[in-house]
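Here's the structure, in structure tokens; my notes come after.
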Amino acid sequence: MPFWKRKSLWAFLLFLTLGSWAWTQLPYWIISYTEANYPYLKIRGGVDIIYARIEFHDVEVTKPWLKGRLDWVSVNMAKEVWVHGGEVDIDLDKKPPAKEGVGDPTKGIDLRAFYLDSVKMDYKTVATVIEGFEIRPDSYCFQKSVVTTDDSRVPKSFFGGTFPILDVKHGCVLKDKSKITLGKVSTKVFLPKQIPKLGGEHDFVLKDVEVYPIEEFIKARSFRFEGKPDEEDTVGTFVEGELVSLSYNDGILSLDSKDVTTNHTWVSPTQATFNRLALALPKDPGENGRIVFGDATILFNLKDHHIEGEETCSDWLSALPSPRADVFKGMADNFEGKLRFDVIAAPIPHVEIKNACKYKCSESPIKDLKGAFSYFAYEKDGETLFVRKTGPGTKDWVPLQLLPVNVPNAFIRMEDPSFLYHRGILTASLKAALEQNMEKGYFFRGGSTITQQLAKNLWLKRHKTIGRKVEEALLTIALETCLNKNEILETYLNVVELGPDLYGIGPAIKQYFDKDPENLSLDEAYYLASLLPHPKKALPPYKGGIRRARRLMESLAKRGLISEDLVPIKETEYDLSGWEIAE
């Protein structure tokens, strides 16, 4: 072989050997070059060279304000960078306010894709942990974010001063900051434990949140406020609805929403919906907040347990949730005047009501009571409803003038001693009921007058809720506006339940004593009055019911509430063995 050919072959082999060696050493040169020019980077893993792209594995980043490990980083000749996997810890307090200049990892680099399993950011006393962080062509997104704080200045009326204060799922921020979308935002709210069925820890959740722009306000399609079950609830209570706006300005968190549904026991025994609910919650629990139901506004102070409001009766009616009792259809247009209330729940209950409302007496439902009418009553099981027909001129109706004078007086003395003097709502009774309700921690007593009981018996169900008390109050105003005391008392005596499947004083007198109403004795009248408020568990006369009524009369006489001459001396036995009693 010619020399020159032999020399060329050796040169080629040498070039091939050197090239192979250089290729094997190229990753180390790339690592050395990268770490020399970017001293805050440390390539802990290997380097792969794929055509015009370089892939780094297990990259450690160490800067004063940023530390972390990146699982995989890819860079091409156009300085487009892809990152996938890893964890980063950012201390925003140490980050320089201006660009760092040479050595900035983003300087002259186009971040085309960026995915991290976890990002932790610290700023003063607030820490944010982001999982599944991703940079997209037009936005920054994440799968989960938890914001925590140990700052005692966080208002307890919002979060209770504990952490986490925010838990966010599935969020994206457009790079121009014109819009944020969040799948779910939740936080905890702590309310005073003294508030029945509401105090304690609750979860507040916003769903499908949109922000336009970041600095102005939040729009969300739905929200949910969920409370923990207590000893008496088998399931937790909830409030959910469609959010119109949410903002935080001057220390006040404001929320306005529509179509708000709840199953809270304060409102209804079943799900109920408000057409509008707005809330203004101050940072300082000692300042007044505001809650709006429909067209009615209520002011509240969580620190003082104080609520108050003044609106027209029509606006109070708009505050009631749906479904409402059928009786309220068309009633709003028939009210005029205002009703004001002022309530302090604790430590010393206080109730004040100023009523200037009136009702058009020529309109339903009041005009319907002048003749035969129907209303819903309950079967023996106390749950099943049936329609009962009664009214002046019907078979079982007993006019007030047919009864001995002491018979209606017995019911007044037992149920509502101030009946002849109040206008339907007695604040002293409401105060006493409020004291007992606050002590027990739930609503078990309503403090109802005879007029309120009549409104309930005619048109409402038996559950004890704030919603029903408002309904009862409006109907009571209508009754007291249009009927005199004798008419109210006569109607009450003819519709009230006085035993299982036994409604009205006429049927009760016939069933228990088999006599005409005008012949009823005073102890028998007190016996009937003593059956309230639990008529389905009534003790029959032959089981000692009359004896109990006499002891009650003796107690009233000793207290000076009735004359001792009214207490009967002789006992009468009654044979009512055929009468069934609900045990």
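General remarks:
- Additional length obtainable on full extension of the chain from SER32 to GLU487, 0.36 nm per residue less Cα span: 153.7 nm
- Taking 32 Å as the limit for the C-alpha separation, the pairs LYS95/LYS184; LYS124/LYS258; LYS177/LYS303; LYS124/LYS177 exceed it in the case of LYS124/LYS258; LYS177/LYS303.
- Here the label points at LYS389 and GLU216, each 7 Å from Cα along the C-beta direction, are separated by 6.2 nm in the simple model.
- Efficiency of FRET from Cβ geometry, SER364 and SER418, R₀ 22 Å, rounded to 0.05: 0.15
- Relative to the globular-protein estimate of 2.2 N^0.38 Å, the Cα radius of gyration of the stretch 352-411 stands at 1.53.
- Listed residue pairs exceeding 21 Å between alpha carbons, taken from LYS120/LYS169; LYS360/LYS464; LYS207/LYS464; LYS358/LYS485: LYS360/LYS464; LYS207/LYS464
- Taken along the Cα-to-beta-carbon direction at a fixed 7 Å, the label points for ASN76 and ASN406 span 10.5 nm.
- Residues TYR527, TYR140 arranged by fewest to most Cβ contacts within 10 Å: TYR140, TYR527
- Efficiency of FRET between LYS329 and GLU308 - r from beta-carbon atoms, R0 22 angstrom, step 0.05: 0.15
Only the coordinates and a few stated rules stand behind these numbers; no lab work does. Remember, predicted model here, so these are calculated numbers, not experimental data. Counting neighbours? That spans all protein chains shown, and the Cβs are built from the backbone with ideal geometry, glycine included.
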